Amino acid sequence: MTPLTESEESNWQNFNPDEVYVQRTRIAKILRPLYEPLVSDHIGRYYAYPEATTNEQGCDAFTWLCPNFRPNNVGLDPDARVDIEPIAAQRVSSHDDWANRVGKKTRNLVRKAERTLGWWLWESPEESDHDLDQLAGIIHKIYNETPTRQGMRFPHYGKTEDSIRANIATGVGEYVTVHEKAGPAVGFAHLIAHDKTCMLEEFLSLQSAYSQAPNNLLLSAVVQRCEETGWKYVTYGRIGTGTHPSLDRFKKSNGFTQWNCVRGAIGFNAKGWLAVKLGLHLPVQDRIPRRLIPAARRAKILADKVRCIR
């Protein structure tokens, strides 16, 4: 196995257990980073110390993402399973550069949004009860606007304001909200940053406000924030998998491209290696043939509609 360097050893000593979570399958428990691709500094801690990881976390396998745009990646274990994961990412140098890259149509949508909307940055909402309550109310309203989005069941629908408030109170990341001028909020983005990379953990707006182009203004605000803080990269989930074609079009029109990153996975014991061999650490859509994804998407939309009716 690849030995740890001095800096990686330091990261291991300062390891934060809140940066990982356990994915439970019928065969094995799989440990994975919570905020990919932001915590790759800690990769070495797991496969260099598999016994400690297994004992402390009770896990059978570990999977991690190695973004090829990070300069300090830990080398892959030669026994690891390797898959390619298509991440939506872009490099940010300045807001003006971004505006020139995205094209005329997107620039016009941003200008259209700026005529009726404005944006607000919440750097540390957990430090003020007033800010915490206000932001929780905004997110609660957006979460509970509709039980379905893009034709599929929306997992955050029905969340209470108290649970949202508790999540914000953890102090992870910062928020950007978009408001009607002298009016209510219509969208928000949750930004989590590490080193020079900013990840869009959540990016959502009211469907009733889509005609005002709030998402375009939100992304413009995120890019401005990147310029202010010196963040060089922005990631926004996956792209090109065929599961969300309309979302993929939005990402591409706003400067995101497909960056093929390497996903590694290793087992700590026989159960873990079996789970890795079967690809249980991968998203469901990655385990079915690509040609079947459109049919699977239609089936899921139909099933979610039936569930909502019930």
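Read-outs: derived from the displayed coordinates by stated rules, not from any lab. Fair warning: this is a prediction, and the values are worked out from it, not measured in the lab. Cβ atoms come from the backbone with ideal geometry, glycine included; neighbour counts cover every protein chain shown.
Selection of the stretch 112-149 for residues being surrounded by 15 or more Cβ atoms within 10 Å (Cβ to Cβ), over 19 Å from the mean Cα position of the chain (by Cα) and of a type in the set (Ser, Thr, Tyr) yields THR116, THR148. Of the residues examined, ARG165 is one that is of a type outside the set (Asp, Glu) and in contact with a Leu (Cβ under 7 Å, 6 or more places away or on another chain). Within the stretch 150-202, restricting attention to residues that are polar (S, T, N, Q) and surrounded by fewer than 17 Cβ atoms within 10 Å (Cβ to Cβ), the residue that is farthest from the chain's Cα centre (by Cα) is THR160. Taking the stated definitions as given, is HIS140 in contact with a helix residue (DSSP H, G or I) (Cβ under 6 Å, 6 or more places away or on another chain) and over 20 Å from LEU219 (Cα atoms)? When the stated conditions are applied, HIS140 passes them. Scanning the stretch 107-158 for residues that are hydroxyl-bearing (Ser, Thr, Tyr) and in contact with a His (Cβ under 9 Å, 6 or more places away or on another chain) yields a single hit, TYR143.
The residue of the stretch 203-213 that is surrounded by the most Cβ atoms within 10 Å (Cβ to Cβ), among those that are over 14 Å from the mean Cα position of the chain (by Cα) and either without any contact (Cβ under 8 Å) to a residue 40 or more places away in the chain or assigned to a strand (DSSP E or B) (or both), is SER205. Summed over the stretch 130-165, the residues that are assigned to a loop (DSSP other than H, G, I, E, B) and among the charged types (D, E, K, R) give a count of 2.
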